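Contents: one structure, followed by commentary.
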Amino acid sequence: MDAEETVRTYYDALRAGDALAPFFARDETTVKFGIGEKLYGFAEIEAGLDAQTETTDEWVVDSDSLRVTERDDHAWFSDEVDMAWTHLRSGTRYAFETRWSGTLERRPGAEPAEAPPGTPWRFVAMHVSAPGGTE
């Protein structure tokens, strides 16, 4: 699986409510910035994504303009994504036009038991933002 397929598989996992942490490098330098969150290091990312999966449902993730460049063991991407989800505790439905960007690193043989099927690529940085914030 190449880097672009890895990003698309991540979107599929988000829609399905599957585990997302295995897509990230298990390093303290890995970062994920989302709408209203800043997560530093794999442990924080894993905890944040697990909490998100437990408290949200009915995800819509519509990619509009995914661009991926792959060079040797590194890749970077950008995308415009219409996102929506329901918060399970409050029943509130959220919807945003978002911008995504990030960096992936190829890690053949990395974490084979927890790896997303068929991909050696891991996110080392991900940034998701909404033009108007969360208001």
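The values are calculated or read from the model by the stated rules, or taken from the named source; none is laboratory data. Just so it is clear, the structure is predicted and the values come from calculations on it, not from any experiment. Using ideal geometry, Cβ is built from the backbone for each residue, glycine included, and neighbour counts are taken over all protein chains shown.
The set of residues in the range 31-83 being basic (Lys, Arg) and within 23 Å of Glu97 (Cβ to Cβ) consists of Lys32, Lys38, Arg67. For beta carbons closer than 6 Å, sequence separation of 6+ or different chains, a first residue in the range 4-19 that is within 23 Å of Asp72 (Cα to Cα) and among the aliphatic types (A, V, I, L, M) and a second that is surrounded by 18 or more Cβ atoms within 10 Å (Cβ to Cβ) and modelled with pLDDT of 95 or more, the qualifying pairs are Val7/Phe77.
Every test in (1) in contact with a Ser or Thr (Cβ under 7 Å, 6 or more places away or on another chain); (2) free of Cβ contacts under 8 Å to residues at least 60 places away in the same chain; (3) in a strand (DSSP E or B) is passed by Asp79 save one, and that test is (2).
The residues of the range 55-69 that are exposed (fewer than 14 other Cβ atoms within 10 Å of the Cβ) and over 21 Å from Pro131 (Cβ atoms), listed by number, are Thr55, Asp57, Glu58, Thr69.
Checking the condition surrounded by fewer than 14 Cβ atoms within 10 Å (Cβ to Cβ) and acidic (Asp, Glu), which residue from Glu28, Glu46 passes? Spell out the reasoning first.
Working: Glu46 fails: surrounded by fewer than 14 Cβ atoms within 10 Å (Cβ to Cβ).
None of the other options fit; the residue is Glu28.
Looking only at the range 58-66, decide whether some residue is aromatic (Phe, Trp, Tyr), in contact with a Ser or Thr (Cβ under 9 Å, 6 or more places away or on another chain) and closer than 23 Å to Asp2 by Cα. The answer is no; no qualifying residue exists.
To keep it simple, each residue is scored yes or no on (1) within 14 Å of Val128 (Cα to Cα); (2) modelled with pLDDT of 95 or more; (3) not hydroxyl-bearing (Ser, Thr, Tyr).
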| residue | (1), (2), (3) |
| --- | --- |
| Ala25 | no, no, yes |
| Thr29 | no, yes, no |
| Glu44 | no, yes, yes |
| Thr53 | no, no, no |
| Asp73 | no, no, yes |
| Arg99 | yes, yes, yes |
| Ala110 | no, no, yes |
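When Phe33, Phe77 are checked against the criterion of being among the aromatic types (Phe, Trp, Tyr) and either touching a Gly at 6+ places or on another chain (Cβ under 7 Å) or at positive phi (or both), a single residue qualifies: Phe77.
Just one of Ala3, Ala84, Ala25 is more than 16 Å from Glu105 (Cα to Cα), hydrophobic (A, V, I, L, M, F, W, C) and touching a strand residue (DSSP E or B) at 6+ places or on another chain (Cβ under 8 Å); which is it? Quick ask: steps written out before the conclusion?
Values: Ala3 fails: more than 16 Å from Glu105 (Cα to Cα); Ala25 fails: more than 16 Å from Glu105 (Cα to Cα).
It is Ala84.
Within the range 33-41, identify whether any single residue is surrounded by 13 or more Cβ atoms within 10 Å (Cβ to Cβ), out of contact with any His (no Cβ under 8 Å at 6 or more places or on another chain), modelled with pLDDT of 95 or more and of a type outside the set (Phe, Trp, Tyr), and answer yes or no. The answer is yes, given that some residue of the range 33-41 is surrounded by 13 or more Cβ atoms within 10 Å (Cβ to Cβ), out of contact with any His (no Cβ under 8 Å at 6 or more places or on another chain), modelled with pLDDT of 95 or more and of a type outside the set (Phe, Trp, Tyr).
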